[in-house]
1. What FRET efficiency do you get for Asp302 and Thr149 if R0 is 25 Å and r is their Cβ-Cβ distance, rounded to the nearest 0.05?
2. State, to one decimal in nm, how far the label point of Gln256 lies from the label point of Glu333, with both points 7 Å from Cα in the Cβ direction.
3. When only DSSP loop residues count, what GluC sites (Glu not before Pro) in the stretch 15-114 have their Cβ near at most 13 other Cβ atoms within 10 Å?
4. Where the accessible area of the stretch 329-437 is counted over protein heavy atoms with a 1.4 Å probe, how much of it, in %, is carbon and sulfur?
5. May I ask you to list the residues of the stretch 381-414 whose amide nitrogen lies under 15 Å from a point 7 Å from Cα along the Cα→beta-carbon direction of Arg427?
6. Please report the relative contact order for the chain, taking Cα pairs under 8 Å with a sequence separation of at least 6, and give it as a percent rounded to a whole number.
7. Whole number in Å², please: accessible area per residue of the chain, 1.4 Å probe, ligands, DNA and RNA not counted.
8. Sorted by packing (mean other beta-carbon atoms within 10 Å per residue), highest first, where do 340-352, 26-38, 121-133 land?
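The values are calculated or read from the model by the stated rules, or taken from the named source; none is laboratory data. The shown structure was predicted, so the numbers you read here are calculated from the model rather than taken from an experiment. With ideal geometry, Cβ positions are generated from the backbone for all residues, glycine too; neighbour counts draw on all protein chains shown. In case anyone asks, the SASA skips ligands and DNA or RNA and just uses the protein heavy atoms, side chains included. Shrake-Rupley method; radii C 1.70, N 1.55, O 1.52, S 1.80 Å.
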Amino acid sequence: MEPAAPDPAVPVPLPVPVAARLPGVPDVFDPRLYAAGLPHERYRVLRERYPVAWQEEPEVQGWPAGPGFWAVTRHADVVRVLRDHTAYSSWLGATQIRDPDPADLPFLRRTMLNQDPPEHGRLRRLVSRAFTPARVDAFAGRARERARTLLAAARDGAEDGAADLVRTVTDEYALLNLTDLLGVPAADRGLLLEWTVRVIGYQDPEDAPAPLLGPDGKPLNPRSPALLGEMFDYARELAAYKRAHPADDVMTALAQGGLDPAELEMFFFLLTVAGNDTVRSAAPGGLLALARDPDAYRTLADGTAPADRAVEELLRVHPPVLSFRRTAARDTELAGTRIRAGDKVVVFHASANHDERVFTDPHRLDLGRAPNPHVSFGDGPHVCLGAHFARLQLRTLYEEWRTAMPAPELTAEPRRLVSNFINGITRLPLRVSGPRR
């Protein structure tokens, strides 16, 4: 029997030309690098000398090796990749650096994140009707009260005047705001955090549970259908409940929005994980940046820096997402580098946000910076659907901090997530009592 013909829609890893493996190209793939902070010097070298640089993809912590990819680090090139879906596809190989199991790829393509226009646009329009600015703005008062309550509890319950803001404030703040918007019952909210940690923190042996292994002894991808069944079962049950008991929330709108069951499940997955972890990563990252720069914080505290601009600058220096992958749909060229159809192309948001060609003095925290064309929420057709909701939450949290709390001050070193995807902070010990400064 002859072997089956390969699926032309699945990119085939190609051997890398020896010339692509240039000496002196810094590694920005290894997720363990990011536990020590963003590798800004490595990004700078790549932007200056190798703006589209080949990266090896070795086995790390039991996760299998991959064929390698092109790292894109300059702002203009990142924007070009994100905007040009005809050359750089989300659908071909999905959007994570690691290649999915080919058997999982049809499943992963159900989500809007892993589609290209025009199908992506159809799904985006459907969910946009549920995720309207008016519905989001209606939660502003609730978010403010929640920020105020959580900060007060952290301050009142602190030992020696210090608290881990991730554990006491930001995880709860992000999760409860999202579940309010979605319409998830209070008793079920812990499930969403559990699922988020499992999917987002899988590269971090401390942050995530031990990975489940497949028959071959290798870890199963936490985004595979085998590991998302529980979440999908819950999404179907919640949608059925919302049809019988409609309310003014996103899940009711989705349940009544004409999505087929598979599309609804994937939207619930996307909103649960991406909607939660955007603020869950950005909020402590912003507070950490303010703690590292007391002079900048004073411009926020005294109103010299408008809160809206401060949010944009804190997002620039601490983007919640570190990287996104595309797959070349055809032979093309980027920054003078030839890229072949099927090659993985990965954009690095934090590098683009510190590109000297776009941002004056990019490593200075300037809370009044304008213009501020950061790419922390992406660009092009896949620009973050929940960006308005995230900005509202972040602005509210920082405003409530400057009203009620002392200037952010580290009492111990923070702990960062081991991940080349999410720019996470897993512990943030800050002083929470004392005079405002």
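1. Efficiency, rounded to the nearest 0.05: 0.50.
2. Here the modelled spin labels are 5.4 nm apart.
3. The qualifying sites are Glu59.
4. Ligands and nucleic acids excluded, carbon and sulfur give 48 percent.
5. It comes to 410-414, nothing else.
6. Relative contact order of the chain: 26 percent.
7. Values: 18160 Å² over 437 residues.
Per residue, the chain has 42 Å² of solvent-accessible surface.
8. Going from most to least packed, we get 340-352, 26-38, 121-133.
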